[in-house]
Amino acid sequence: MNKNNIVYAAFFVLAVSVSFTACRNKQSTGLEYARNMYDPIAYNPDQANKNFANGQTAQTPPPNTDPIGFVKYEYANTKEGYEAAGANLVNPLPLTKENLTSGKHYFTVFCAPCHGDAGDGKGHLVQIEKFTGVPAYHGDAASSRGGLMKDLSAGKIYHTIMYGLNNMGSHASQLSPEERWKVVMYVQQLQKIQ
């Protein structure tokens with residue numbers, strides 16, 4: 001018998017035996033490679049959990065705890081909270097070129113579409129949508145809460161970014177506290193334009 005025929009015959013017998021053993025148990029999924037890579041080890045939040053007395057995985061945090069990186073903002077979304085923020089809050093960041101550049105970037109992304117690149121209240125959304133009432137940060141533009149926009153304190157600007165005002169929505173979810181303070185710093189530069 002030829003050596004090639006022996007190899008082909010051995011391969012054929014092996015293939016047939018593997019095929020028969022693979023078809024033997026219909027319930028078997030066969031061998032699995034790296035099972036731990038797609039089976040989660042941790043519990044899902046809505047899954048029952050025998051490790052806790054109430055049987056829930058998602059537990060209520062202990063009282064008086066805050067998430068990591070959370071910065072508590074003590075001023076309410078009221079006229080009184082706005083005035084208190086204006087009187088008490090000061091920008092903790094130093095006035096540096098880097099902070100102003102970063103503040104200008106965030107202003108351009110989040111504020112300029114309505115307030116304009118120069119803070120004149122003539123952003124491209126105002127021109128396209130033709131809605132009015134977007135205040136300028138300089139000149140004699142009045143704030144809807146009283147006073148001139150150019151005289152707004154850092155705390156009042158921060159409070160407005162935090163909660164929004166009139167047509168302006170809150171930007172608290174888009175900007176971190178440090179980023180908000182950088183925007184405030186840049187807006188205060190725009191307030192100085194005559």
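The values are calculated or read from the model by the stated rules, or taken from the named source; none is laboratory data. All figures in this text were calculated on a predicted structure; none of them were measured in a lab. Cβ: placed from backbone, ideal geometry, glycine included. Neighbour counts: every protein chain shown.
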Checking the conditions here, which among Val134, Val71 is aliphatic (A, V, I, L, M), within 19 Å of Thr160 (Cα to Cα) and not assigned by TED's automatic domain parsing to the domain that holds Leu148? Val71
If you go through the range 111-130 one residue at a time, do you hit one that is more than 12 Å from Gln191 (Cβ to Cβ), part of a loop (DSSP other than H, G, I, E, B) and at pLDDT below 75? yes
Within the range 89-111, can one find any residue that is in contact with an Asp or Glu (Cβ under 6 Å, 6 or more places away or on another chain), assigned by TED's automatic domain parsing to the domain that holds Gly121, closer than 30 Å to Asn167 by Cα and not aliphatic (A, V, I, L, M)? yes
Name, by its number, the condition in (1) touching a residue at least 24 places away in the same chain (Cβ under 8 Å); (2) under 21 Å from the mean Cα position of the chain (by Cα); (3) not in a loop (DSSP other than H, G, I, E, B) that does not hold for Gln174. (3)
Cβ pairs under 9 Å, 6+ apart or interchain, first in the range 113-124 and under 14 Å from Asn167 (Cα atoms) and assigned by TED's automatic domain parsing to the domain that holds Ile157, second surrounded by 15 or more Cβ atoms within 10 Å (Cβ to Cβ) and aromatic (Phe, Trp, Tyr), ordered by first then second residue, are His115/Phe107; His115/Tyr137; Gly121/Tyr137
Among (1) closer than 17 Å to Pro113 by Cβ; (2) in contact with a Leu (Cβ under 7 Å, 6 or more places away or on another chain) - the single one Gly164 does not satisfy: (2)
Residues of the range 150-165 classified as farther than 10 Å from Val187 by Cβ, modelled with pLDDT of 90 or more and within 18 Å of the chain's Cα centre (by Cα), total: 2
Which of the residues spanning the range 53-99 are among the aromatic types (Phe, Trp, Tyr), surrounded by 10 or more Cβ atoms within 10 Å (Cβ to Cβ) and part of a loop (DSSP other than H, G, I, E, B)? Tyr73, Tyr75
Any idea how many residues of the range 100-134 are surrounded by fewer than 16 Cβ atoms within 10 Å (Cβ to Cβ), of a type in the set (Val, Ile, Thr) and more than 19 Å from Lys182 (Cα to Cα)? 2
